[in-house]
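J.: Supplied in structure tokens, the structure appears directly below.
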Amino acid sequence: MAIDPISNPIKLRPSMPVGLLRGTVIFPGNSIPIVSGRTKSKLALDSAWATDRLIVFVTQKNERIEEPKEGDLYSVGTVCLLRRLIKIDGEYTVTAEGLVRVFLKNFIQTDPYFEAEIEEIPELYEKNEETEAMVRTVKSQLKRYLELGGNPLFDPNTLSNWSMISSNDDPNQLVNLICQAIDFKTIDKQQILEMVSAVERLRRVSDLLAKEIRVLEIYQKISSHTQERVSKMTKEAILREQMRSIEEELGESGENQEIKEFELKIRKANMPKDVREKASKELSRLAKMSSYNPEAAYIRNYLEWLTDLPWKALSGVKVDLKKAATILDEDHYGLMKVKERILEYLAVHKLSGKVKGPIICFVGPPGVGKTSIGKSIARAVGRKFVKVSLGGIRDEAEIRGHRRTYVGSMPGRIIQGIKQAGTTNPVFMLDEIDKIGADYRGDPSAALLEALDPEQNNSFSDHYLEVSYDLSNVLFITTANILDTIPPALRDRLEVIRYPGYTQDEKFHIAKKFLIPKIIKTHGLKDSQVQFEDEAVRHVIESYTREAGVRSLERELSGVFRKIARKVAEGDEKSSSAWQSKTKSFKITPKEVEKLLGPIKFLPQLAEIEDMVGASTGLAVTEAGGDVLFIEVTLMPGKGSVQLTGQLGDVMKESAQAAMSYVRANWSTLNLPEKFFQKVDVHIHVPEGAVPKDGPSAGIPLTTAIISAFTKIPVRKDVAMTGEITLRGRVLEIGGLKEKVLAAHRAGVSTVIAPENNRKDLEDIPEFIRKDLRFVFVKHMDDVLKVALVHPPTANTPKRVPMVPRPALA
């Protein structure tokens, strides 16, 4: 229903019904429509409509609350006159005219609707210069706001009629008009509603208008730039179309020229039939596209990859075995097995024309020449060399490429390497294959299975190319420090060639023949300026390096030559004790080495170590080659517990437990009391504590150290041992004997104890090392103790019953 406005004068009652507002505030002097659907609000409206049509509208603090209480309402509201009320579908639509601001002193009732005692807030202000200045400021800001396109919340005519605003000098009326029309935040409007001082109200409105003006200016600037860009793009598109039409009329179309160039490249690329069809299809799509279509760039990049890849280009077709052998010998000293395997490959390739065989994998410690021999192989066979480092790769797309649906996609590392080589048969080295990772993006090692399988790599699939590529002519070579981290399926495709590490003699020849000439050249010196004595080179090898490769050796030699280079650069050669006036060169002797490199870093012998109780020397294989382990056992009063320290792995811990069980089970043979272990704790430590250690080959050194600790019989200082032990004392075969023997030789050991089943590996050890060392091959722990201890433990016990030999494994 609708009622005409009333004309009777309005008088405020001491208490009035309270209507609830959410998300809005009513200011005096403004009429706004309100829709109400909550029960309490509708009952308050009914009560007001039935009497004098006056109601107090108050805003909720939290508009999400459906049934607010007294504390959920602000304490200042506006008395409104209900000009119109319409009931439709359970909702009230009213037109309310704000009259005066009031303070809610006390709620008389909260059910069935809110009713409160009120006190009018007078609209007072002082006419002074400050008030007039603030009024002018706000009017000026409002004008700027409208010029920038700021739209009032309600009727646009409310503020567009500038004469009404300019003629109104009442600051409170001005504030009420602006706050009702502009979409300030509800909390800001409520703050202004509650303010008594007209000047403070004007200041607050001025601050809010200034903020709105800044936002509108930024918005207008952004809109202007956007419009300029759109206009520019439209203009460019039109100009391009016009230029294209002109070029077509003149027969000089740039896009047509590009299409013709691609057609020519496709014909010259010698692509297989399916690849040529794919390229032609993509070229046809490109020809139909506009040049400014973003997808055109992707297709153009794809066609460039297809046409730039070598599909049939070969290099190094003719093989000269003698020349290849000479090149390999020139570049690397030793490594006879590696060179032999390469020459075998080339021989078969020369006779058959094509070889399908296992992929070669060089396994060995760092610095032994695994990567550099790949370049020598490429030079020996006359092919291009490509190297890809796989260390740290975790994304399968690095190998197979990204699909073309991704922005910035490209082929994988293998296809990129083939393009770089420019031939279909390069020597392709996959370095550090043991350091490939895997995560949620896939397993790169699984992607390598296809590339490194000779039966499948004739149709290698790269996600970016979407066509097969023949990798069967590529000579793949991989390198690794250890095999344990390579997945079994990938390891099965590799033919492993082990690099055991260099002997002292091999390092000497490498230094004289390769390293020193290279360092002299890189340091800007001449051969005639430096005389490096052989004994000085051996002194650097033995006293300043302890490694399987030659990287540390090269660093130490470079340190010597850097100091010489500095003297030469400063023109102060005569101040060096190594300077020879007669020959006008530097003579490097062992004493000069110590002056240049400082104190000796490694003692060449173990002479300082005495025969000790509870301490034995073991041998191990690490990523850096062979190494020597010193095992220490000490006994303490306790209850028979065993403590293991030194970052031991699970397998090595089990070896220690097996060694302890063997000693306890054979107490009588070792001449020990029956309950010798019940009142002592055993602490087994393997220095260095910061280096992780694992593996079963420390079984016999652990057992020897434990027996020595309990029997008080010292272990010989010059004996090193390796071998796995069983609970019955049998010594089982181990791996990496050559690396371990080289480590023992470097450490100055004179006797090496190894399992009997490793006797066959003796032929891999250089002859001069076999002459320097004494090898004792054992089958049982009793045989170890006879050699390792100063004297074996004695006891009146029956002889050991021979063990039944283990059946051979198929």
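The values are calculated or read from the model by the stated rules, or taken from the named source; none is laboratory data. For clarity, every value in this text was computed on a predicted model and none was experimentally measured. Methodologically, a virtual Cβ is constructed for each residue, glycine included, from the backbone with ideal geometry; neighbour enumeration extends over all protein chains shown. Ligands, DNA and RNA are excluded from the accessible area calculation, which covers all protein heavy atoms including side chains. Shrake-Rupley method; radii C 1.70, N 1.55, O 1.52, S 1.80 Å.
J.: Could you tell me the calculated FRET efficiency between LYS323 and VAL680, based on Cβ-Cβ distance and R0 = 41 angstrom, to the nearest 0.05?
T.: Working: r = 69 Å, r/R0 = 1.68.
E(calc), rounded to 0.05, equals 0.05.
J.: If each residue of separation counts as 0.36 nm, what is the full-extension length gain between SER140 and LYS639 once their alpha-carbon separation is subtracted?
T.: Result for the pair: 170.2 nm of gain on full extension.
J.: How far apart, in nm, are the 7 Å Cα→Cβ label points at LYS281 and ALA489?
T.: If labels sit at LYS281 and ALA489, their model points lie 2.8 nm apart.
J.: What is the distance, in nm, between label points placed 7 Å from the Cα along the Cα-to-Cβ direction at ILE246 and at SER459?
T.: According to this spin-label approximation, the distance is 5.2 nm.
J.: Another question, if that's okay. Determine which residues of the stretch 570-599 fall in the zone a paramagnetic label at GLN531 would reach in this model, i.e. backbone nitrogen under 11 Å from the point 7 Å along Cα→Cβ.
T.: Of the residues in the stretch 570-599, 579-589 have backbone N under 11 Å from the label point off GLN531.
J.: Could you list which residues have their amide H under 5 Å from that of ILE55, counting only those 5 or more apart in sequence or on another chain, with H placed in the peptide plane?
T.: When sequence neighbours closer than 5 places are left aside, the close amide H contacts are CYS80, LEU82.
J.: Along each principal axis of its Cα atoms, how long is the stretch 478-517 end to end? Whole angstroms, biggest number first, please.
T.: Here the spans come out as 42, 18, 15 Å, largest first.
J.: So what is the accessible area of the chain per residue, in Å², with the probe set to 1.4 Å?
T.: Values: 42040 Å² over 810 residues.
With the other protein chains kept in place, the chain gives 52 Å² per residue.
J.: At 222 nm, what helix-only mean residue ellipticity would the chain give, in deg cm²/dmol to the nearest 500, using -39500 (n - 2.57) for each DSSP H run of four or more?
T.: Roughly -13000 deg cm²/dmol at 222 nm, from the helical runs in the chain.
J.: In square nanometres, what is one fourth of the surface area of the convex hull spanned by the alpha carbons of the stretch 316-412?
T.: Quarter of the Cα hull surface area: 8.4 nm².
J.: In µm²/s, what is D for the stretch 1-150 at 20 °C and 1.002 mPa s, where D = kT/(6 pi eta Rh) by Stokes-Einstein and Rh is the Kirkwood radius from Cα pairs?
T.: Estimated diffusion coefficient is 127 µm²/s.
J.: Now for a different question. Dimensions of the stretch 658-709 along principal axes (Cα, Å, largest first)?
T.: 36, 22, 15
J.: Mind checking the full-extension length gain between ALA347 and MET289? Use 0.36 nm per residue of separation minus the Cα-Cα distance, one decimal, nm.
T.: Result for the pair: 15.6 nm of gain on full extension.
J.: Another question, if that's okay. Just how many % of Cα pairs in the chain lie over 48 Å apart, if you round to the nearest whole percent?
T.: That tail contains 57 percent of the Cα-Cα pairs.
J.: A further question follows. Helix 254-268 versus the longest principal axis of the chain: what is the Cα-based angle in degrees, 0 to 90, to the nearest 10?
T.: 20 degrees
J.: Ranking request for peptides 406-414, 272-280, 697-705: highest mean number of other beta-carbon atoms within 10 Å first, then the rest in descending order.
T.: 697-705, 406-414, 272-280
J.: Right, something else. Which of the aspartates and glutamates could a cross-linker bridge to LYS717, judged by Cα under 12 Å and excluding same-chain residues fewer than eight apart?
T.: GLU608, GLU610, ASP611
J.: If you roll a 1.4 Å probe over the chain with all protein chains in place, what percent of the accessible area is carbon or sulfur?
T.: It is 51 percent, rounded to a whole number.
J.: What is the list of residues in the stretch 271-309 whose amide nitrogen lies under 20 Å from a point 7 angstrom out from the Cα of THR405, following Cα to Cβ?
T.: 282, 294-303
J.: Also, I was wondering about something else. Evaluate the stretch 583-730: find the radius of gyration of its Cα atoms, find its Kirkwood radius, and give the ratio Rg to Rh.
T.: 1.14
J.: Mind checking which lysines have their C-alpha under 17 Å from LYS712, skipping anything on the same chain fewer than 8 residues away?
T.: The qualifying lysines are LYS675, LYS679, LYS786.
J.: Longer than 29 Å from Cα to Cα, which of LYS370/LYS518; LYS591/LYS738; LYS350/LYS521 are they? Say none if no pair is. Don't skip to the answer; put the middle values down first.
T.: On the way: LYS370/LYS518 18 Å; LYS591/LYS738 33 Å; LYS350/LYS521 37 Å.
As for pairs spanning more than 29 Å Cα to Cα, those are LYS591/LYS738; LYS350/LYS521.
J.: Still on this structure, I have one more. Starting from the exponent 0.38 and prefactor 2.2 Å, build the expected Rg for the stretch 14-80 from its residue count and divide its actual Cα Rg by it.
T.: 1.04
J.: Based on the inverse mean of 1/r over its pairs of different Cα atoms, what is the Kirkwood hydrodynamic radius of the stretch 377-526, in Å?
T.: This gives a value of 17.3 Å.
J.: Moving to a separate point now. Volume per residue, Å³, of the convex hull around the alpha-carbon atoms of the stretch 691-758?
T.: That works out to 111 Å³ per residue.
J.: Next up: Using Cα pairs under 8 angstrom and six or more residues apart, how large is the relative contact order of the chain, in percent?
T.: Computed value for the chain: 7 percent relative contact order.
J.: Shifting gears a bit: Can you figure out the FRET efficiency of LYS127 with VAL230, using R₀ = 56 Å and their beta-carbon distance, to the nearest 0.05? Before the final figure, lay out each step's value.
T.: Details: r = 52 Å, r/R0 = 0.93.
Computed FRET efficiency for LYS127 and VAL230 comes out at 0.60.
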